[in-house]
Amino acid sequence: MKFKIFMVFLLIAMFSAGCGKKDNEIQGNNRKTKTGAELGTEQKAETELETGADETEEGQGTEKEEAGSIQGMETEQEAGAEPTEEKEQESQANYQRESESGKVKFDCKIETPDSYTGDNVHKYLVSGECYGDEGSILSRYVEGKEVAEKFSTEAHDGIPGSDSYNMADGAVVNVGGSQFSFSTRNSNYYYNARALDSDYQEEYSKGKGQVAFATAEEAIEAVRQELSEVGFSEFEFQLVAYPAKHGTMKKIESEIYTSEEDQSQKKDEWTQEDDAYVVYGFQTKDNIPIFHQWMTIFRVMAYDNIDNAPITAVYSSRGIESLMAWPIYYLEDIGETLTLKEFEEIAGIVEAKFENILNESTYEVTRAKLFQMVRLNENQEYAAEPIWYFEVVEDGAIKSVTLVDAVTGNEIVLK
């Protein structure tokens, strides 16, 4: 889980991959002043890189996590113990299956939109990325306020120019280039307390599901409104929220920063005013979530959770503390309907993969979810295709992700 931003920026530097608004040219990311979000997650990245993942005999790695940990938008919720979704948009058909040997078992919900029938999934053209509306972003966060420092990168080789503003009040605004982000002076404390870290999400989600100043639904609506104000009103998002209470943040912070030199990372005092909601989610098209390009490269980045969500935000009684939106795609319906393989056939492909691994392990499929995956094709152009996402737990403890093309039935191999 400690891998997201570090590897994203490394990959951008390596591949210079990206796409401008309404433009299918490949683009790279521009170097920017790091926001609190980027700094907090980069620290996570370095740890994940050190730990890595185990390899199976098929070359498909697995990540060592407890099977019961929360991964993204879980669907079986205990009251007040898991993230709050703004609206139930998915059909939750229960699916059970077991291989003849007993080595592979399915016990999961099939996560699809209510409207899904298997023959009504459309083909989309990915015409570019949206980075928000620059004028609206500047008007909302920069204009009329004191700017302490400004860093600019000129447009080059098809890559749009970018500006980073360090505001006098401690806020940081990144606009242009390949992403939009905003963070206040306080945002670093939320990242330091691991409020946006999937490894700690279960800890934050324990107990009552609300904090005093607002409901989770109100927090989601506030983030949705903020996205609309800065140029993302035309896009669909599926968002969830969970509380980050000041007592929990203080506890986790004290457990992480124990040495004398680490004390500067800690907040002087946590109060009820610091209570917040963490809101995150994925872009959707026709209620099918988008599996963005950076989730398709390394298996540790393939998880459907907050670590890899293109939308992340912290909302407190003071308002939006941080907001990042990237990558967000322009998807155009080309009028073609795709024929997907029956789920039973797809499940058989997954079963055969793990059944053929020559070991004594057992495998349980705990999640099955339909996505539209965006990635670069052989012509280095963005392409979208429906996939099935499976979370598989080995021997009750080691979790991995398997992706299968929903049309061809071919496995999409992750490095």
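Here the Karplus curve 6.51 cos²θ - 1.76 cosθ + 1.60, taken at θ = phi - 60°, turns the phi angles of the stretch 102-117 into couplings of x, 6, 10, 9, 10, 8, 8, 8, 8, 8, 9, x, 4, 7, 5, 10 Hz, with x standing for Gly and Pro.
I need the peptides 393-403, 311-321 ranked by packing, meaning the mean over residues of other C-beta atoms within 10 angstrom, with the highest value on top.
Values: 393-403: 19.4, 311-321: 21.5.
Highest to lowest by the protection proxy: 311-321, 393-403.
The packing ranking, built from the mean of other Cβ atoms within 10 Å per residue, places the peptides 143-154, 372-383 in the order 372-383, 143-154, highest first.
With the Cα gyration tensor of the stretch 145-299 giving a ≥ b ≥ c as the square roots of its eigenvalues, does the rule (a/c under 1.5 for rounded; else a/b larger than b/c for prolate; else oblate) give rounded, prolate or oblate? Here the stretch 145-299 falls in the oblate category. Distance between the 7 Å Cα→Cβ label points at Asp262 and Thr362: 3.8 nm.
Computed packing ranks the peptides 184-192, 212-220, 172-180 as 172-180, 184-192, 212-220, most packed first, by mean other Cβ atoms within 10 Å. Distance from the Cα centroid of the stretch 143-181 to that of the stretch 196-247 is 25 Å (rounded to whole angstrom). Look at the dipole of the stretch 235-394 built from charges on Cβ: of Ala276, Phe237, Gly335, the Cα furthest out on the positive end belongs to Ala276.
Extending 7 Å from Cα along the Cβ direction at Asp286 and again at Glu345 yields two label points whose distance is 1.8 nm. Compute the label zone of Asn377 within the stretch 280-311: residues whose backbone N is under 14 Å from the point 7 Å along Cα-to-Cβ. No residue passes the distance filter. Classify the stretch 269-415: rounded, prolate or oblate, from the alpha-carbon gyration tensor (a ≥ b ≥ c, eigenvalue square roots; a/c under 1.5 rounded; otherwise prolate if a/b is larger than b/c)? It comes out oblate by the Cα gyration axes. Taking amide H as placed 1.01 Å from N in the peptide plane, the amide H of Val147 sits under 5 Å from that of Ala168, each at least 5 places away or on another chain.
Spatially close Lys pairs in the stretch 223-376, defined by Cα atoms under 22 Å apart and a spacing of eight or more places or different chains, total 11.
If the chain linking Ser127 and Ser228 were pulled fully straight, counting 0.36 nm for each residue of separation and taking away their Cα-Cα distance, it would gain 34.3 nm.
Rounded if a/c is under 1.5, else prolate if a/b beats b/c, else oblate: with a ≥ b ≥ c from the C-alpha gyration tensor eigenvalues square-rooted, which is the stretch 309-391? Each step should come with its number before you reach the end.
Working: a/c = 2.53, a/b = 1.41, b/c = 1.79.
Cα axes put the stretch 309-391 in the oblate bin.
All of the numbers you see were taken from the coordinates with simple rules; none came from a lab. Because the structure is a prediction, the values reported are computed rather than measured. Quick reminder, even Gly has a Cβ in these numbers, built from the backbone with ideal geometry, and neighbours come from all protein chains shown.
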